[in-house]
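The values are calculated or read from the model by the stated rules, or taken from the named source; none is laboratory data. All values reported here derive from a predicted model rather than from experimental measurement. Counting neighbours? That spans all protein chains shown, and the Cβs are built from the backbone with ideal geometry, glycine included. What goes into the accessible areas is simple: the full protein's heavy atoms, side chains included, and nothing from ligands, DNA or RNA. Shrake-Rupley method; radii C 1.70, N 1.55, O 1.52, S 1.80 Å.
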Protein chains: 2
Amino acid sequence: MGKAVIAIHGGAGAIARSRLSPEQERAYVDALSAIVTCGQALLAGGGSALDAVTEAVRQLEACPLFNAGVGSVFTHQGRHELDACIMDGRTLEAGAVAGVSRIRYPILAARAVLESSPHLLLIGEGAETFAFLQGLEAVEPAFFSTPARRAQLERAQAAQQTLLDHDGAPLDSDRKFGTVGAVALDLAGNLAAATSTGGMTNKLAGRVGDSPIVGAGCYANNANVAVSCTGTGEVFMRTLAAYDIAALMEYAGLSLQEASERVIGEKIPVLGGSGGAIAIDREGNLAMPFTTEGMYRASARVGDAPSVGIYREGCGEGGHG
Amino acid sequence: MGKAVIAIHGGAGAIARSRLSPEQERAYVDALSAIVTCGQALLAGGGSALDAVTEAVRQLEACPLFNAGVGSVFTHQGRHELDACIMDGRTLEAGAVAGVSRIRYPILAARAVLESSPHLLLIGEGAETFAFLQGLEAVEPAFFSTPARRAQLERAQAAQQTLLDHDGAPLDSDRKFGTVGAVALDLAGNLAAATSTGGMTNKLAGRVGDSPIVGAGCYANNANVAVSCTGTGEVFMRTLAAYDIAALMEYAGLSLQEASERVIGEKIPVLGGSGGAIAIDREGNLAMPFTTEGMYRASARVGDAPSVGIYREGCGEGGHG
């Protein structure tokens, strides 16, 4: 079945075994496993990488466990501001939305921008108006709210802290980052990447991180690599983390593993950042480096059993992700 | 006086001699000359590259000739949505705002984000609220309007076209792009870059181009280069044009001239884009490539006479830019 493969992530951060109950761990593993298996089936059936990453991220947005779509964190004002981006490695076309709060699946809005607009990035109400004209589903902002996120905002405001993540840890260097993403290589040899986020708990209104920025949180180019990132958004923006992996492969001749380790393990920490990335090169090689305690992740090659991981040492469901 | 140098641009596009009256040409040359001379004086007095590009872009925003700040184009809804970005090559810190319509000098808001916020990019009302809390000057959106831009919107709407620029030409492959920018190397060897724009005439509400995106329309790194771009925004975003010049120098060993020509002259046109860039490397070398008929531009080395250019063959005021 060739080299077709899909990988997904649900955020990186301080995810120690001791912090997740067995039930919570099971819920994350089950969700990641189901979503990556669906993506694998899409690819096996001849589906495009672009369709596979769109559907995987749409399912991650639909799952309240992850900080994207339903289950998104609250801003300081008690609102939701969602961002998403998708890139087609075959054409280098991309679409993104930022600061939207009424589009049920932000990744579908990003896909619509890619396909049905001369633009690449639409923000705020303009993005929502465009999405609804394209026939995408509208929801009330409260649709994205969950009691767990509301409690998290209240904790953050009590502590006057900005939380990047969806556990209760304060803003520190090893927090859980709330971003989801997918990368895929299809049977035709095309690469694609998609990223979506609910942002930071208690963040300033209007803050946009790396997720919707082509080259920062999301990048795909058939010539080299597809990448989706999760981590300290501002540092990933300053380093152009996703594109930098591609540039190191293209211009410096690094392997996928070398390039992704260089960016995530060296260049991001030098600027005080942390996080992870999932990346697939045009040969179907897979890299999932992260500098945090854990990263929710899963991958599945067409024809093989899926692999799911949370902690650094890996966990069940077919072993290390 | 060392290698200190500043360069500015006021947009690239279809700027043929035949389209500008002698009076219009004189107005552009005078404005560019005055602004670059001011930046040169700042650097000569020991001012930082960051301060020099901030002040140069602030003056370009204040000048109604250019599509940034006063003189910004209108969106389809008859509004103004301004974007700006600044990056400090010494620290790799950056600040940006997008989709703002009530901040007198968007570049000062970007600078405030860089200096006084943990974030990098703020959009819309959240960006405005932040800027006003920082003490920046608020204006009514109509402050940015000029009769010439209003007439341009009416022409565009009559033709049902999106104009990227501030002449009357329709959307085509050789139009005038409305963006301003500055790059500088100071006496201490620090690089900085800044970019600001009023966007595209008759654009969809919420469209954000390359100007406020680190690595697309603006990038600075003391290790290699400072870059400000002007052109087909979406293509500059897909190619990470500004960062790509840096990556080609850093990873592939290209010279400033080679890297900037490769990106502007080859990689952008391959994707159907056009435009230009101004770039200064850490040795003080200067490149100002463009693929359009003209690019408003000027440069000044500390200790030398300024140089101003509009057309491909250069024009008065100390010769080719």
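For region A:180-193, enumerate the residues that are surrounded by fewer than 24 Cβ atoms within 10 Å (Cβ to Cβ), out of contact with any Ser or Thr (no Cβ under 8 Å at 6 or more places or on another chain) and of a type in the set (A, V, I, L, M, F, W, C).
A:Leu187
Against the definition (within 11 Å of chain A (Cβ to nearest Cβ), surrounded by 24 or more Cβ atoms within 10 Å (Cβ to Cβ) and either at pLDDT 95 or above or within 20 Å of the chain's Cα centre (by Cα) (or both)), how does B:Leu254 come out, yes or no?
No, not satisfied.
Could you check A:Ser101 against (1) touching a Gly at 6+ places or on another chain (Cβ under 8 Å); (2) of a type in the set (S, T, N, Q); (3) within 14 Å of another protein chain (Cβ to nearest Cβ) and say which number it fails?
(1)
Pull up region A:137-163, narrow it to residues that are in contact with a helix residue (DSSP H, G or I) (Cβ under 8 Å, 6 or more places away or on another chain) and open to solvent by less than 40 Å² (accessible area, probe 1.4 Å), then point me to the one that is nearest to the other protein chains (Cβ to nearest Cβ).
Here the answer is A:Thr162.
Filter region A:194-207 for residues that are within 14 Å of chain B (Cβ to nearest Cβ) and not hydroxyl-bearing (Ser, Thr, Tyr); which is surrounded by the fewest Cβ atoms within 10 Å (Cβ to Cβ)?
A:Ala205
Can you tell me which residue among B:Arg58, B:Arg19 is more than 19 Å from the chain's Cα centre (by Cα), under 23 Å from B:Gly198 (Cα atoms) and charged (D, E, K, R)?
B:Arg19
Restricting to region B:51-97, give me the number of residues that are closer than 28 Å to A:Lys267 by Cα and part of a loop (DSSP other than H, G, I, E, B).
4
Check region B:62-69 and report whether any residue there is of a type in the set (S, T, N, Q) and crowded, with 24+ Cβ neighbours inside 10 Å.
Yes, because at least one residue in region B:62-69 is of a type in the set (S, T, N, Q) and crowded, with 24+ Cβ neighbours inside 10 Å.
Given the conditions (1) open to solvent by less than 20 Å² (accessible area, probe 1.4 Å); (2) without any contact (Cβ under 8 Å) to a residue 40 or more places away in the chain, report the number of the one that B:Leu121 does not fulfil.
The one condition B:Leu121 does not meet is (2).
Show the residue pairs meeting these rules: Cβ distance below 7 Å; 6+ apart or different chains; first residue within region B:50-71 and among the hydrophobic types (A, V, I, L, M, F, W, C); second residue in a loop (DSSP other than H, G, I, E, B) and open to solvent by 40 Å² or more (accessible area, probe 1.4 Å).
Filtered contacts from region B:50-71: B:Val70/B:Pro64.
Limited to region A:264-311, what total is found for residues that are assigned to a loop (DSSP other than H, G, I, E, B), over 17 Å from the mean Cα position of the chain (by Cα) and closer than 30 Å to B:Ala247 by Cβ?
The number of residues fulfilling the criteria is 6.
Matching residues to (1) of a type outside the set (Ser, Thr, Tyr); (2) more than 9 Å from chain B (Cβ to nearest Cβ):
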| residue | (1), (2) |
| --- | --- |
| A:Ala188 | yes, yes |
| A:Ala192 | yes, yes |
| A:Pro212 | yes, yes |
| A:Ser228 | no, yes |
| A:Ala247 | yes, no |
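Condition first: in a loop (DSSP other than H, G, I, E, B) and within 14 Å of chain A (Cβ to nearest Cβ). Now tell me which residues in region B:112-136 satisfy that.
B:Ser117, B:Pro118, B:His119, B:Leu120, B:Gln134
Listed here are the residues, each with its yes/no results for (1) open to solvent by 20 Å² or more (accessible area, probe 1.4 Å); (2) more than 15 Å from the chain's Cα centre (by Cα); (3) within 14 Å of chain B (Cβ to nearest Cβ).
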position: A:Gln40; (1), (2), (3): yes, yes, no
position: A:Ser48; (1), (2), (3): yes, yes, no
position: A:Asp51; (1), (2), (3): yes, yes, no
position: A:Gln77; (1), (2), (3): yes, yes, yes
position: A:Ile86; (1), (2), (3): no, no, yes
position: A:Arg90; (1), (2), (3): yes, yes, yes
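Can you find a residue in region A:98-105 that is farther than 20 Å from A:Gly181 by Cα, open to solvent by less than 40 Å² (accessible area, probe 1.4 Å) and part of a loop (DSSP other than H, G, I, E, B)?
No, there is no match, as no residue in region A:98-105 is farther than 20 Å from A:Gly181 by Cα, open to solvent by less than 40 Å² (accessible area, probe 1.4 Å) and part of a loop (DSSP other than H, G, I, E, B).
Evaluate the following for A:Ile264: is it touching a helix residue (DSSP H, G or I) at 6+ places or on another chain (Cβ under 6 Å), without any contact (Cβ under 8 Å) to a residue 60 or more places away in the chain and surrounded by 24 or more Cβ atoms within 10 Å (Cβ to Cβ)?
So A:Ile264 fails the test.
So, in region B:208-234, of the ones that are in contact with a Pro (Cβ under 9 Å, 6 or more places away or on another chain) and either of a type outside the set (A, V, I, L, M, F, W, C) or open to solvent by 10 Å² or more (accessible area, probe 1.4 Å) (or both), which residue ends up nearest to A:Thr129 (Cα to Cα)?
Selected residue: B:Glu234.
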